[in-house]
Amino acid sequence: MDVRDRIAELTAEVKRLNDLYYRGGDSPLPDADYDALKDELAALVAEHPELEPADSPLGKVNAPAELTGPTIRHARPMLSLAKATGEEQIRTFCERFGGQVFRVSEKLDGLSLSAVYRDGELDYVATRGTGAVGELVTEKVRWVIPGLPAEIAAPGRVEVRGEAVMLRSVWAAYNEAHPDRPLTNPRSGAAGTLMQKDPEAAAEAKRLLRFFAFGADRDGVALGLPEGFEPAAQYVCATVEEVMDAIHEIGGRREGLDYDIDGAVVRLHEPAAFDAAGFNSAEPRGAIAFKYPPEEKLTKLLSVEWPVGKIGRVPPRAKVEPVFVGGVTVENITLHNPRLIRERDLRLGDTVAVVRRGDVIPFAGRSLPEERDGSEQEIVPPTHCPSCGSELEVRGTGEERWCLNLQCPAQATRRLMHWASRAAADMEGVGDVWIEKLAEDGVLKRRSDFYSLTAEQLLGYERMGDVSARNMIASIEGSKGLGLRRALIGLAIPMASEGVAKRLCLAGYERIEAVAAASAEELVAIRDIGPKVAESVVAFFNRPEIGEEIEALRGHGVVLDVLEEDRPVDAAAAGDSPLKGKTVVITGAFTDPRSGAKVSRPDVTRLVEQAAATTASSVSAATDYLLAGENVGASKTGKAEKLGVEVVGQQDLWRWLSEAGVA
């Protein structure tokens with residue numbers, strides 16, 4: 001490929017990636033890969049300036065091809081920052097402004113916003129957009145950034161600029177609750193949330209953002225941040241060495257943060273000096289961003305498997321040589337989807353950079369082609385299901401493979417495992433290994449088959465003793481009272497998350513047969529259930545085998561009607577309980593103080609929700625209490641201590657539940 005063609009290719013690719021991220025919140029490549037493409041383009045254009053196309057993204061603010069919503073012109077341009085990847089570049093920058101004072105702050109990995117107030121009231125919020133013109137997102141922000149002040153104690157026109165980020169804990173909790181449509185990373189989550197057409201639904205799904213403010217001005221004159229804003233962490237430095245120390249200090253604690261940062265911003269501290277430095281077409285001259293290397297380690301990509309999920313998705317899962325990264329030893333990673341495998345040119349035998357942030361599933365950020373010896377092999381996505389052999393369908397921008405055979409054995413086994421899981425029937429004594437074995441032998445074919453099992457059948461298997469067999473049967477028997485909400489979760493309806501199951505119960509559906517008979521129009525009328533989800537629910541229950549399964553479950557005495565604890569909570573009935581209106585995370589094992597019996601996590605969750613609290617799956621700055629039972633690991637309590645979240649023991653919890661009249 002000649003230079004002209006390569007410049008044209010890189011130009012189109014950078015513009016495509018900008019459009020995907022800034023318009024749709026999709027970030028198919030890690031920042032480092034994106035930066036490499038743009039750096040290559042800049043180097044080629046520097047050597048051959050006459051070949052730079054008119055639509056080149058160089059020297060411009062990263063932005064979508066066009067802004068699709070209502071827009072507004074910024075009073076001052078919102079610019080990108082020049083990038084430094086080495087300490088020498090930072091030293092050169094500081095020496096250019098000898099004698100000046102600098103400010104070093106975290107470079108948050110989110111979406112830049114401008115919030116404008118007039119005489120104390122929020123007037124509008126806009127994205128950076130093209131730098132000169134931003135897209136208005138005021139109403140969306142009111143829903144998804146609850147921490148942004150609606151009023152401030154400051155007269156005149158005040159503009160506050162900052163970054164909207166999705167916390168790692170919020171991202172992880174959202175993906176856990178929405179496995180059918182996970183967010184690639186917190187950065188994409190932040191951008192995508194503000195692109196949502198229905199911000200109220202995003203808020204209901206706990207897809208919330210947090211706003212960190214960088215600075216404020218009144219009619220172009222800098223002033224301190226008004227009360228109510230959370231400032232980004234920053235250091236004021238008088239020398240180059242102090243600047244470097246601050247950069248290292250921020251970098252050293254990035255792993256312990258609940259939000260992603262990809263660098264540190266160094267800028268002139270005094271507003272007058274910053275303004276006097278001026279700016280070019282896309283960047284202020286008085287600031288520069290130091291980019292940290294990704295949290296990654298190198299290892300070998302050994303093999304790729306394509307497991308079949310419970311709703312037919314066939315994702316790539318890879319094994320690598322064990323490597324210690326992000327505080328744990330990693331042997332299995334995700335490759336996301338076939339398109340990313342192709343775009344990153346990943347091959348079997350490659351040396352790959354494994355990336356892990358916080359509790360995120362490790363993934364391959366990139367490969368190192370220069371390390372190849374010729375023995376590497378192409379990763380070829382399957383054309384047919386690894387389990388049933390039926391032809392796979394390719395869907396979506398990720399080119400994901402899906403098995404559409406409803407009788408696929410692997411899907412059936414995964415559905416059985418899901419039905420027995422804690423979120424659904426909660427068959428604590430039934431492990432995945434035994435479910436897989438019983439499914440292979442044809443003993444378990446559908447969910448209702450669990451309730452036909454006998455201890456005598458189980459005793460026919462090796463390594464199955466009398467106690468284990470009877471415990472398994474008792475666990476299955478005890479799961480019959482699961483109720484409508486958990487039954488809907490256990491059925492694994494495509495696109496219908498746990499939140500959808502809860503909303504159906506709150507909407508007044510009493511029996512699963514009533515849900516099965518509902519039309520798409522009736523379901524769409526329920527808050528936060530969209531047309532696609534409604535159509536998926538209707539299509540699911542229209543399958544004849546689902547009706548047969550419901551009838552069989554009923555025949556075994558399984559409760560498929562709404563339980564009292566799944567009905568709308570009467571907050572007034574909770575009295576003045578300390579749990580009322582609070583967001584809590586539950587961890588550890590719990591014991592009823594009256595009977596001494598163990599209480600399952602789902603039962604504790606329901607009691608807490610009956611006391612008018614909201615439960616979350618992971619600790620974040622938005623958490624009010626960490627409710628800790630016995631045998632609690634150090635990770636959640638340690639995180640709670642870091643974030644200043646109060647840890648409440650089960651003795652206090654049971655007292656609070658008693659005061660609320662629910663236990």
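Modelled this way, with points 7 Å down the Cα-to-C-beta line, the labels at GLN457 and GLU66 are 6.1 nm from one another.
Net charge near THR587: determine it from the other residues with C-beta under 12 Å of the C-beta of THR587, scoring Lys and Arg +1 and Asp and Glu -1. Net charge around THR587: +2.
What is the gain in length, in nm to one decimal, between ALA507 and ALA54 on full extension, counting 0.36 nm per residue of separation less the C-alpha to C-alpha distance? Please report the intermediate quantities before stating the final value.
Working: separation 453, 0.36 × 453 = 163.08 nm, distance 5.50 nm.
Extending this stretch completely gives an extra 157.6 nm.
Using the Cβ-Cβ distance between THR583 and ALA277 with R0 set to 51 Å, the FRET efficiency works out to roughly 0.70.
With the highest mean first, a sort of the peptides 35-42, 105-112 on other beta-carbon atoms found within 10 angstrom per residue produces 105-112, 35-42. When the stretch 154-303 is described by a simple charge dipole with +1 on each Lys and Arg Cβ and -1 on each Asp and Glu Cβ, the residue from ALA222, GLN196, PHE212 located farthest towards its positive end is GLN196. Apply 1/(1 + (r/R0)^6) to the Cβ-Cβ distance of SER595 and ASN332, taking R0 = 35 Å, and write down the FRET efficiency to the nearest 0.05. Approximately 0.30, to the nearest 0.05.
Could you calculate the contour length gain from ASN542 to VAL632, that is, 0.36 nm times the residue separation minus the distance between their Cα atoms, to one decimal place in nm? All intermediate terms of the calculation are to be shown ahead of the outcome.
Details: separation 90, 0.36 × 90 = 32.40 nm, distance 4.38 nm.
Extending this stretch completely gives an extra 28.0 nm.
Pairs LYS502/LYS532; LYS310/LYS480; LYS310/LYS642; LYS582/LYS639: which are spaced more than 27 Å apart, C-alpha to C-alpha? Display every interim value, and only then the final one.
Values: LYS502/LYS532 18 Å; LYS310/LYS480 22 Å; LYS310/LYS642 37 Å; LYS582/LYS639 18 Å.
Violating the 27 Å Cα-Cα cut-off are LYS310/LYS642.
Taking the beta-carbon count within 10 Å as an exposure proxy, list ARG422, ARG103, ARG447 from fewest neighbours to most. Could you put the intermediate results ahead of the total?
Working: ARG422 12, ARG103 20, ARG447 25.
If I rank by nearby Cβ atoms, fewest first, I get ARG422, ARG103, ARG447.
What FRET efficiency do you get for ARG446 and ASP2 if R0 is 51 Å and r is their Cβ-Cβ distance, rounded to the nearest 0.05?
0.25
Would you mind estimating how fast the stretch 103-143 diffuses translationally, via Stokes-Einstein at 10 °C and 1.306 mPa s with the Kirkwood radius over Cα pairs, in µm²/s? Can you show the working numbers first?
Values: Rh = 11.6 Å.
Approximately 137 µm²/s, per Stokes-Einstein.
For the residue pair LEU368 and ASP217, what label-to-label distance in nm results when each label sits 7 Å from Cα along the Cα-to-beta-carbon direction? Inter-label distance under the simple model: 4.5 nm. With a simple spin-label model that places each label point 7 Å from the Cα along the Cα-to-Cβ direction, the separation between ARG554 and GLU139 comes to 4.3 nm. Once P(r) over Cα pairs in 20 Å bins from 0, in percent is calculated for the structure shown, the corresponding label among (i) 20, 53, 24, 3; (ii) 15, 36, 15, 7, 7, 7, 6, 5, 2, 0; (iii) 15, 47, 31, 6, 0 turns out to be (iii).
Name the GluC sites (Glu not before Pro) in the stretch 192-246 that are in a loop by DSSP and that have at most 13 other C-beta atoms within 10 Å, would you? Display every interim value, and only then the final one.
Working: sites: GLU200, GLU204, GLU227, GLU241, GLU242; in loops: GLU227.
The qualifying sites are GLU227.
Straightening the chain between ARG339 and ARG253 buys 27.6 nm, computed as 0.36 nm per residue apart minus the Cα-Cα spacing.
Taking all Cα pairs closer than 8 Å and separated by 6 or more residues, the relative contact order of the chain comes to 9 percent.
Here the sum of -39500 (n - 2.57) over DSSP H runs of 4 or more residues, divided by the residues of the chain, equals -10000 deg cm²/dmol at 222 nm, to the nearest 500.
None of the figures in this text is laboratory data; all of them are computed from the coordinates on show. Model, not experiment: these values are computed from the prediction. As a convention, Cβ positions derive from the backbone with ideal geometry for all residues, glycine included, and neighbour counts pool all protein chains shown.
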